[in-house]
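The values are calculated or read from the model by the stated rules, or taken from the named source; none is laboratory data. Small disclaimer: the values here were computed from a predicted structure and weren't measured. Cβ placement follows ideal geometry from the backbone for every residue including glycine, while neighbour counts extend to all protein chains displayed.
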Amino acid sequence: MKTAYIVNSVALRHSSAGWQDLLAHAGRESIVPEEISITRSGGQAVSLARDAVKAGCETVVAVGGDGTVNEVLNGLFENGAPINKDVVLGIVPVGSGCDFARCLGVPKNIGKALELIDDGKTKKIDIGRVTYIDLDGNRASRLFINMADIGAGGVVVQKARQAPRFLGRRPNYLWGILYVATCYQHRKVTIAIDDGMPEELYVLNMMIANGRYFGFGFQPAPQAVTDDGLFDIVNLGKMSKLENLLQLPKLYLGTHLNIKKVSSYRGKKVTAESKEEVLLEVDGDLIGRLPAAFEIIPNAINIKVA
């Protein structure tokens, strides 16, 4: 089986031992030599994954965090359809943001994660598709595998990018969360789920979730299942700044669904629009703003799991 490894150079730069594990695994004796491609810029993993599938690779492994997984996922599709429906996506979590790997039970240890590429189970899971307004004001479409986030989540990513780089990604992300909890105001957003009537909601943060985790281990959608054909939609509503801070531990533990100002739903399609600017992030990447439409694509991808 021909395997391609799409490696996020930034994530692996800080793990020389991980790099050696990867080289040893990919270089072992096999009938077909395996390929390692290193990203040099943001977005390049999309084209590298697409080229790998067209070259006949049957397994494409994303070596990096959630952003790398998202790019590789998008590279496995072209014009809205899978290039090869039998291709298997593998994940080797390297870096600080590896929440979807956690959803699948993929170990953080690089060596053990690599073992799953050969010995792990393969299952079909759902993915999401979102159409939205990108950061340049153009209509765009993108696939996501873990979670889309309306409202505060995009601001967290925005603020984390603006924080000093020497602090590292995790402290920067936590700084973004604290900024949102103390400064960000909820927005009025009109939401429609499936064929239901549009409803105007106060939205501090709304997650359209396929997976359970985001933001370095927070559990905004603790009941989400990756192969049930449904999004878990969780809305954090009109909370005061003090309430925002007090609820952060519950959001981390996934015990927030019984809070009065938190509402949850399930559905296959979601539309969202607002008269205010509301940012949108998917799989940890700030991509644009509302209006947006989300749809689940059941059993869309083969993936290696523990």
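Here is the figure for region 239-254: residues that are exposed (fewer than 15 other Cβ atoms within 10 Å of the Cβ) and either within 25 Å of Gly128 (Cβ to Cβ) or touching a strand residue (DSSP E or B) at 6+ places or on another chain (Cβ under 9 Å) (or both) total 1. Residues in region 186-202 that are in contact with a strand residue (DSSP E or B) (Cβ under 9 Å, 6 or more places away or on another chain) and assigned to a loop (DSSP other than H, G, I, E, B) were compared, and the one that is nearest to Glu276 (Cα to Cα) is His186.
The number of residues in region 203-246 that are outside any loop (DSSP other than H, G, I, E, B), within 20 Å of Met147 (Cα to Cα) and either free of Cβ contacts under 8 Å to residues at least 12 places away in the same chain or not aliphatic (A, V, I, L, M) (or both) comes to 6. All of (1) hydroxyl-bearing (Ser, Thr, Tyr); (2) over 18 Å from the mean Cα position of the chain (by Cα); (3) at pLDDT below 80 hold for Thr190 with one exception: (3). Within the option set Ala293, Ala272, Ala306, being over 18 Å from Glu200 (Cβ atoms) and touching a strand residue (DSSP E or B) at 6+ places or on another chain (Cβ under 9 Å) holds for one residue only, Ala306.
If we scan region 124-145, do we find a residue that is β-branched (Val, Ile, Thr), in contact (Cβ under 8 Å) with a residue 40 or more places away in the chain, surrounded by fewer than 23 Cβ atoms within 10 Å (Cβ to Cβ) and more than 30 Å from Leu279 (Cα to Cα)? Among the residues of region 124-145, not one is β-branched (Val, Ile, Thr), in contact (Cβ under 8 Å) with a residue 40 or more places away in the chain, surrounded by fewer than 23 Cβ atoms within 10 Å (Cβ to Cβ) and more than 30 Å from Leu279 (Cα to Cα), which makes the answer no. Among the residues of region 9-63, which ones are under 18 Å from Cys98 (Cα atoms), at pLDDT below 85 and in contact with a strand residue (DSSP E or B) (Cβ under 7 Å, 6 or more places away or on another chain)? Within region 9-63, Ser9, Ala11, Leu12, Leu22 meet the criteria. Listed by position, the helices (runs of 4 or more DSSP H) enclosed by region 43-141 that each have at least 3 residues that are under 30 Å from Pro291 (Cβ atoms) and among the β-branched types (Val, Ile, Thr) are 66-75.
Annotation note: of Lys269, Lys238, Lys275, the sole residue that is assigned by TED's automatic domain parsing to the domain that holds Met147, touching a His at 6+ places or on another chain (Cβ under 9 Å) and charged (D, E, K, R) is Lys238. For beta carbons closer than 9 Å, sequence separation of 6+ or different chains, a first residue in region 259-275 that is over 12 Å from Gly196 (Cα atoms) and a second that is of a type in the set (Ser, Thr, Tyr) and in a strand (DSSP E or B), the qualifying pairs are Lys261/Tyr202; Ala272/Thr190; Glu273/Thr190; Ser274/Thr190; Lys275/Thr190.
Just so you know, in region 283-306 the residues that are assigned to a strand (DSSP E or B), among the small types (Gly, Ala, Ser) and under 16 Å from the mean Cα position of the chain (by Cα) include one that is farthest from Lys85 (Cα to Cα), and it is Gly288.
A single entry from Gly211, Gly288 fulfils the requirement of being at pLDDT 95 or above, more than 22 Å from Val106 (Cβ to Cβ) and not aromatic (Phe, Trp, Tyr): Gly288.
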